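Structure, as structure tokens:
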Amino acid sequence: MKKREGQDERQPGTGTSTRDDRKAFNRDVRQPFQRDERQPGVAADRVPFNRDERQQAERDERQPSYVRSAQAAHVAGLARGKFAPKVARAKKMSLRDPNQKLMDKAKRLRETRVDWDVIEPTRLQKALSQSGVGSRREMEEWIEAGLITVNGQVATLGDRVGPRDRVMVKGHQIKLKWPDRLPRVILYHKQEGEMVTRDDPQGRVTIFDRLPQAKSSRWIAIGRLDVNTSGLLIVTTSGELANRLMHPSFEVEREYAVRVLGELTDEQRKELCRDVELEDGPARFERIIDQGGEGANHWYRVVIKEGRNREVRRLFDHYDLQVSRLMRVRFGNIGLPPRLKRGHFYELNELEVAAVMKWSNLTVTGSVKK
């Protein structure tokens, strides 16, 4: 039938349309947010969904409500810094293998084990913490809640356990870690911006995020460095070694390289080597070595025998000198290796660990030598 002029292309009652009308209809359905120049007032920044976006949106809608809530909470937590991003592990400093004689000695030390009968019993919460089960405070809470048994009996605070005791935590037997061999010791070149803590509420990077994991034990940081301080950080699996090096009664030296804005006078240097009154009591440097400098910056090497919070910075601040850079270069008899780059670590071999234990007057098990 010949179409008359002005007649609609759609046939009445058939619901059919021309090819152009079908294309326009499909385009409008697939792209509901496309800007139409013929429709004034439509937002230009509303872009159409593509096929992948529509499918993802449909999958999200089919997710259970609790899953969508968890995903939204995680995204919000990332925005607030509650969850720390995935952190790359620190690289290990590469060294050439020592000669065969030293390697044989290290192997013998590595394979040496102490008889369990000479290991003294220790507090239950300490044994569990050193075995990597949890923190001491958490273990104390579990003991009080009756979640831990020793040899079939419900444990109480104050219980001590040895290598031959059977410890169950929440119905599962725990293989406790005992100091029957040399501990592990790592030297880490800490960078500014890293925290020396296991749990930072702001989600910042910690040194434990960067270091390799310790099997069936926990890393213990010997001394702390604040977020703006870099340099040598010693980490070990031996709580006795950490206590020996950190306790104020042992007066282990810490040496720092300090860059300040300005310069100390001779009189100020003498006063800093005597007692200076700070908010938490008197403090002083054991030694101050002038390292020179250029322009407004000046470098010093300072030595202290305690590790109070921001002690070096506060001593310089006593004379209105701002510390612009602070780096620890030595702790006790351990210096920062020159080849150890920032953010890298070096694990001491068995001969070096044995030397550290001997210097600290400790046996392999961590007990004090008699």
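Readers should treat all values here as calculations from the given coordinates under stated rules, not as data from a laboratory. Predicted, not measured: the structure shown is a model, and the values here were computed from it. Neighbour counts run over all protein chains shown; Cβ positions are idealised from the backbone, glycine included.
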Extension reserve of the ASP290-VAL114 stretch, reckoned as 0.36 nm per residue once the Cα distance is removed: 58.6 nm
Residue-span extension gain [THR156 to GLN268] - 0.36 nm each, minus C-alpha spacing: 34.8 nm
Within region 235-266: backbone nitrogen closer than 16 Å to the ASN361 label point (7 Å, Cα to C-beta): 240-253
Estimated distance in nm for a label pair at ARG136 and HIS318, the labels positioned 7 Å out from Cα along Cα-to-Cβ: 3.1
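Using only alpha carbons, build the gyration tensor for region 185-359 and give me the equivalent ellipsoid semi-axes, biggest first, whole Å.
Working: eigenvalues 164, 64, 50 Å².
Each semi-axis is the square root of five times an eigenvalue, giving 29, 18, 16 Å.
Which order do peptides 314-321, 129-136 fall in by mean Cβ count within 10 Å, highest first?
Details: 314-321: 16.4, 129-136: 18.0.
In decreasing order of mean packing, 314-321, 129-136 become 129-136, 314-321.
Could you put PHE345, PHE208 in order, starting from the residue whose Cβ has the fewest other Cβ atoms within 10 Å?
Details: PHE345 22, PHE208 19.
If I rank by nearby Cβ atoms, fewest first, I get PHE208, PHE345.
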Filter on LYS86/LYS215; LYS126/LYS358; LYS175/LYS369; LYS126/LYS177; LYS105/LYS341 - keep pairs with C-alpha separation over 22 Å: LYS126/LYS358; LYS175/LYS369; LYS105/LYS341
Label-to-label distance, nm, for residues given as ASP199 and GLN213 (7 Å Cα→Cβ offset): 1.9
Estimated inter-spin distance, GLU144 and GLU352, nm [label 7 Å along Cα→Cβ]: 4.2
Calculated from backbone phi, Karplus (6.51, -1.76, 1.60) coupling profile of region 187-198 in Hz, x at Gly/Pro: 9, 10, 8, 5, 9, 4, x, 9, 9, 9, 7, 8
